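Peer 1: One structure follows; several queries about it will come next.
Bear in mind that the values in this text are calculations on the coordinates, not laboratory data. On a predicted model such as this, the values are computed, not experimentally measured, just so you know. A quick note on method: Cβ atoms are made from the backbone with ideal geometry, for glycine too, and the neighbour counts reach across all protein chains shown.
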Amino acid sequence: MKPRQFCLGLFLEMNKSIDKKLVIILVGVLVLCGTIAIAKFYIIPKMNPNILGVENKQLAASDQSDFSLNSSSYKSDDITVISNFEKNEDVAWQGNGVLDEKIYYEGVRSMGLISVDRKAASITLEKVLDLTNMKQIEFMLHVTDAEAYETVIIDFGDLELKNYYRYTLSNLRNGWNLIRIPKEKFIPAKVKDSTFDWPNIEKVRFYSLSRPASIFLTRLDMLRSINYPDSFLTGWRANLPETLLSLYERFGTMKLMARSIGGSVATIKNIEDINNFDYSASVSPQTVGRVGLFVRGDYLKGNGYYFLLGGEKKNTWFIIKKNIKGWTPTADIVQGSLDNVVFAKDKDYWLRVKGKGNLMEFYFSFDGQQYEKLGELNDDEFRGGGVGIAVLDGNWSLFDNFQFIKN
């Protein structure tokens, strides 16, 4: 017998033998119990656990996620650090380079090359490298006067540099240039019958030459081999993902690196058109400049909402919007500062955005466990979009511990 038929039969038998008022009470109890059972089955599992236990602007961290990404996703050989031109490196550069502790991209110094009136400047690094898996060489190059540029060359060769792979740089501009050289773009120079190849690199050389009656000053920083770019590129959407995104090793752990060169935002590829969400990530600002999360955003136009920290050595935060008219007017920016805090490049700070309908709430944490609400925004211009990261003002930052829940 079906449950519905059984219950109906039971009700009819009860109606014959007991008082009608008692029947009404029993039916009411059954309805109430059924409602509670339905609520327990359909509502409680779908509740966001982060809604529970909120008091004094503190928000407990989530233990479940529809999407997560952290440093464990990257392998130690995704990149090979060749040199950061720092004091603590095992092997020193030789030649007529000049250490520069005033203008650098990473760490506390860069390596400068000065060529005057076509007198060459050259440095070499003796280092055994197996670049079999190298897809491209990447480094930062700072130029003071691009008009004085004649040539800059990078060689990877054997110890005597009788055999080498060479690339000649072009299209340099003043300021920091991100140089990315695909493996196939290097030109081989080998003596007859040589077995030299990419697994047998023993020396790296930079060579710089100015134009006549000119002074050409360049600075080098962050020289790396990018071995598996798909490890950190394929999961993101950006205008120029290969210039915006890379990896950086900090304290022996790979972190996602984002730099404001040729682009400023990226969104997670498989999260699109999101309205109700709980999204968080850790941020480690490496320079002065705004950096943080990008929500309900369009990575092509940069339109959307931004939750940003002020950058290294700052304690400020901002909630701003960009649309077809441009950035939020200064008077309408939601912003503030954190007491007794100065953001440091060797620390992580967690940002979190909870969106539901027109309302978005913005939270900050030092440990990714307990969050403090900093502000909120009630705005209906962008009801959906992607979630991701933002680096503005020409700076760069490290990101980790991405977590996303669709509510």
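Peer 1: Percentage of Cα-Cα pair distances in region 79-226 greater than 20 Å, rounded to whole percent?
Peer 2: Counting pairs separated by more than 20 Å, the tail of P(r) holds 46 percent.
Peer 1: Here's another thing I want to ask about it. Compute, for region 313-389, the length of the dipole vector about the Cα centre, with Cβ point charges of +1 (Lys, Arg) and -1 (Asp, Glu) only. Units Debye, rounded to 20.
Peer 2: So the dipole magnitude of region 313-389 works out to roughly 240 debye.
Peer 1: Give the residue list of GluC sites (Glu not before Pro) in region 154-236 that are DSSP loop and have at most 10 other beta-carbon atoms within 10 angstrom.
Peer 2: 160
Peer 1: What is the fewest-to-most order of 379, 78, 90 by other Cβ atoms lying within 10 Å of their Cβ?
Peer 2: Ranking 379, 78, 90 by Cβ neighbours within 10 Å, fewest first, gives 90, 379, 78.
Peer 1: Where the eigenvalues come from the Cα gyration tensor of region 60-165, what are the semi-axes √(5λ) of the equivalent ellipsoid, largest first, in whole Å?
Peer 2: Values: eigenvalues 235, 79, 40 Å².
Largest first, region 60-165 gives 34, 20, 14 Å.
Peer 1: A further question on this structure: How big is the Kirkwood radius of region 140-186, worked out from every pair of different alpha carbons and given in Å to one decimal?
Peer 2: Working: mean 1/r = 0.0832 Å⁻¹.
Result for region 140-186, one decimal place: 12.0 Å.
Peer 1: Counting pairwise Cα distances across region 363-407, what percent come out greater than 17 angstrom? Display every interim value, and only then the final one.
Peer 2: Values: 594 of 990 pairs.
Counting every Cα pair in region 363-407, those more than 17 Å apart make up 60 percent.
Peer 1: Quick one: pull the percentage of alpha-carbon pairs in region 255-310 with a separation above 12 Å.
Peer 2: So the pairs more than 12 Å apart make up 70 percent of the total in region 255-310.
Peer 1: Which FRET efficiency, nearest 0.05, do residue 133 and residue 330 yield, Cβ-Cβ r, R0 51 Å?
Peer 2: Computed FRET efficiency for residue 133 and residue 330: 0.60.
Peer 1: Quick one: order 396, 327, 198 by neighbouring beta-carbon count within 10 Å, fewest to most.
Peer 2: Numbers: 396 23, 327 14, 198 17.
Result, fewest neighbours first: 327, 198, 396.
Peer 1: As an exercise, use a Förster radius of 35 Å and the Cβ-Cβ distance of residue 214 and residue 346 to find the FRET efficiency, rounded to the nearest 0.05.
Peer 2: Once the sixth-power term is evaluated, E becomes 0.30.
Peer 1: Okay, next question. At R0 = 22 Å, how high is the FRET efficiency between residue 153 and residue 117 if r is their beta carbon distance? Nearest 0.05 is fine.
Peer 2: It comes out at approximately 0.75.
Peer 1: Continuing with the same structure: Suppose the chain between residue 91 and residue 378 were pulled fully straight at 0.36 nm per residue; how much longer would it get relative to their current alpha carbon spacing? Working shown, then result.
Peer 2: On the way: separation 287, 0.36 × 287 = 103.32 nm, distance 5.52 nm.
My answer for the length gained is 97.8 nm.
Peer 1: Among 143, 200, 98, whose Cα projects farthest towards the positive end of the dipole of region 79-226, with charges put on the beta-carbon of Lys, Arg (+1) and Asp, Glu (-1)?
Peer 2: 143
Peer 1: About the Cα centre of region 61-169, what is the dipole size in debye to 20, counting +1 per Lys and Arg Cβ and -1 per Asp and Glu Cβ, all else neutral?
Peer 2: About 300 debye.
Peer 1: Using only Cα positions of region 211-340, each an equal point scatterer, no hydration layer, compute I(q)/I(0) via Debye at q = 0.09, 0.20, 0.22 Å⁻¹ and quote the log10 values to two decimals.
Peer 2: So the normalised log intensities are -0.34, -1.34, -1.51.
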